[in-house]
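*Asks:* Mind having a look at this structure? Questions to follow.
The values are calculated or read from the model by the stated rules, or taken from the named source; none is laboratory data. The model shown is predicted, which means the values in this text are computed figures rather than measured ones. Neighbour counts run over all protein chains shown; Cβ positions are idealised from the backbone, glycine included.
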Amino acid sequence: MFKRIVEIKKIIQKNKVLIIYGPRQVGKTTLVMDYLSNYKGEYIYKTGDDIPFSNLISQCSLKILQDNIPEKILLVIDEAHKIENIGRALKLVVDNIKDVGVIVTGSSSFDLMNQTGESLTGRKMVETLYPISILESLQKYKRIDLSSKVKDYMIYGMYPSVLNANTNEERGEIVTEIASSYLLKDILEFDKIKSSKTILDLLKLIAFQIGRQVSTTELASTLGIDKNTVARYLDLLEKSFVIYSLRGFSRNLRKEINKMQKYYFYDLGIRNAIINNFNQFDSRNDIGELWENFLISERVKRNAYKKISVSYYFWRTYDQKEIDLIEEMNGELLAYEFKINSKQASAPKDFTDNYKNSKFKVVSTDNYFEFLT
């Protein structure tokens, strides 16, 4: 078992809704059940698949809610995004039932956020649970032991069930099942997409373009579908925690690229499952892409868990000068170049001349632990 950074007991409050987001299979239910196993008070545990309960709560009747949810109780709803009118119902609960506590989980951030957004303004706390992070791995392994596991993380990913598997063959089978049976399910259900083939074909194209600028026009042409459909699918894939995008950073130079995006996977095991490539690290031809994706996704987890508000970009000019990652925070620019072998690189002169308040650093195998922790 990995100790998660998100600790419910430290953040839950009376008469507020704690929303725990995250992709399927990252351990949201496990996290909640672990909390309940040590909870001293009374609680009600329900799921969005409980039809009678879903029908009851979706009526948004204050009397029905008060008759079924006692004061000072803890109400836990797993997969809450499946319940119609869940936001309005929870608003009635926390506004009218004394000292009630509420925890809800959801795999579909786009669906649950749409339902709870305005209704729970000022009444909710939001936590996103990702696949296991390096920060969490350091609570289980010593740093010297963890460094030998990083190559496997870049091949099989960091979903809890994958990390708990005993063999590489088992890890590959588990993450393939997660990719094919769980992760895309939210998208197919939410957007009523009849076939997953187009989504999978799109993901394959993205998987082979890690670290490169992506053109929705080119993707649409390759897939034989409308450009706007591609943009919509990419948005759904981001909101369901499959991929993450970086926009081009531009403030001063005309030759800076700012209209294209780069895409990375939240979990590299999912990426490798989609392209069916679990070849061992030293025999791969995409090591640079894996390294870049790994550092960016782990940095995103690290900043999210540390509550560091950051805007992420890449930087590139039309004459091919580039920087892998730009973080903008409190008016300061932090620029990072990722090198798995080479330890030396310098910031492009165009960048340093135009952004005097920036700092530049190379992240390599020698110093990545500091970058990620």
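*Asks:* I'm told ASP67 meets every condition in (1) in contact (Cβ under 8 Å) with a residue 24 or more places away in the chain; (2) out of contact with any Pro (no Cβ under 6 Å at 6 or more places or on another chain) except one. Can you identify the failing condition by its number?
*Replies:* Going through (1) in contact (Cβ under 8 Å) with a residue 24 or more places away in the chain; (2) out of contact with any Pro (no Cβ under 6 Å at 6 or more places or on another chain) one by one, ASP67 breaks only (1).
*Asks:* Given (1) modelled with pLDDT under 95; (2) over 24 Å from ILE270 (Cβ atoms), identify the lone condition not met by PRO23.
*Replies:* With respect to (1) modelled with pLDDT under 95; (2) over 24 Å from ILE270 (Cβ atoms), PRO23 is out only on (2).
*Asks:* Then there's this: Would you point out the residue of segment 288-347, among those that are charged (D, E, K, R) and touching a Gly at 6+ places or on another chain (Cβ under 9 Å), that is surrounded by the most Cβ atoms within 10 Å (Cβ to Cβ)?
*Replies:* In this case the residue turns out to be GLU292.
*Asks:* Looking at (1) within 18 Å of the chain's Cα centre (by Cα); (2) modelled with pLDDT of 95 or more, which one does ASP235 not meet, given that it meets all the others?
*Replies:* All conditions pass for ASP235, except number (2).
*Asks:* So which strands (runs of 3 or more DSSP E) stay within segment 303-373 end to end and still have 3 or more residues that are among the hydroxyl-bearing types (Ser, Thr, Tyr)?
*Replies:* 311-316
Condition check ((1) touching a Phe, Trp or Tyr at 6+ places or on another chain (Cβ under 9 Å); (2) in contact (Cβ under 8 Å) with a residue 12 or more places away in the chain; (3) of a type in the set (A, V, I, L, M)) across all residues:
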position	(1), (2), (3)
ASP319	no, yes, no
LEU325	yes, yes, yes
GLU328	yes, yes, no
TYR336	yes, yes, no
ILE340	yes, yes, yes
ALA345	yes, yes, yes
ASP350	no, yes, no
ASP353	no, no, no
LYS356	no, no, no
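*Asks:* Within segment 358-373, track down each residue that is without any contact (Cβ under 8 Å) to a residue 60 or more places away in the chain and closer than 13 Å to ASN341 by Cβ.
*Replies:* VAL362, SER364, THR365, ASP366
*Asks:* If a residue has to be farther than 23 Å from GLY288 by Cβ, of a type in the set (Val, Ile, Thr) and not in a helix (DSSP H, G or I) to count, how many in segment 201-230 make the cut?
*Replies:* Residues in segment 201-230 being farther than 23 Å from GLY288 by Cβ, of a type in the set (Val, Ile, Thr) and not in a helix (DSSP H, G or I): 1 in total.
*Asks:* Taking the options LEU237, LEU163, LEU202, LEU184, name whichever one is over 29 Å from ILE103 (Cβ atoms) and of a type in the set (A, V, I, L, M, F, W, C).
*Replies:* The unique qualifying residue is LEU202.
*Asks:* Can you pull out every residue in segment 1-30 that is within 19 Å of ILE174 (Cβ to Cβ) and touching a Lys or Arg at 6+ places or on another chain (Cβ under 9 Å)?
*Replies:* Passing the criteria: MET1, PHE2, GLY22, ARG24, GLY27, THR30.
*Asks:* Next up: Within segment 264-271, can one find any residue that is farther than 25 Å from VAL230 by Cβ and touching a residue at least 40 places away in the same chain (Cβ under 8 Å)?
*Replies:* no
*Asks:* Tell me whether segment 177-191 contains one or more residues that are at pLDDT 90 or above and over 18 Å from the mean Cα position of the chain (by Cα).
*Replies:* Checked segment 177-191: at least one residue is at pLDDT 90 or above and over 18 Å from the mean Cα position of the chain (by Cα).
*Asks:* Here is a further query. Across segment 1-33, what is the number of residues that are within 15 Å of the chain's Cα centre (by Cα) and among the hydroxyl-bearing types (Ser, Thr, Tyr)?
*Replies:* Final tally of qualifying residues: 1.
*Asks:* While we're on this one: Looking at ARG299, is it more than 14 Å from the chain's Cα centre (by Cα) and either of a type in the set (Lys, Arg) or outside any helix (DSSP H, G or I) (or both)?
*Replies:* So ARG299 does not fit the description; no.
*Asks:* Mind checking which residues of segment 1-56 are part of a helix (DSSP H, G or I), surrounded by fewer than 16 Cβ atoms within 10 Å (Cβ to Cβ) and either of a type in the set (A, V, I, L, M, F, W, C) or in contact with a His (Cβ under 9 Å, 6 or more places away or on another chain) (or both)?
*Replies:* Result: ILE11, MET33, LEU36, ILE51.
*Asks:* Could you grab me the full set of residues in segment 120-160 that are over 28 Å from VAL17 (Cβ atoms), small (Gly, Ala, Ser) and in a loop (DSSP other than H, G, I, E, B)?
*Replies:* SER147, SER148, GLY157
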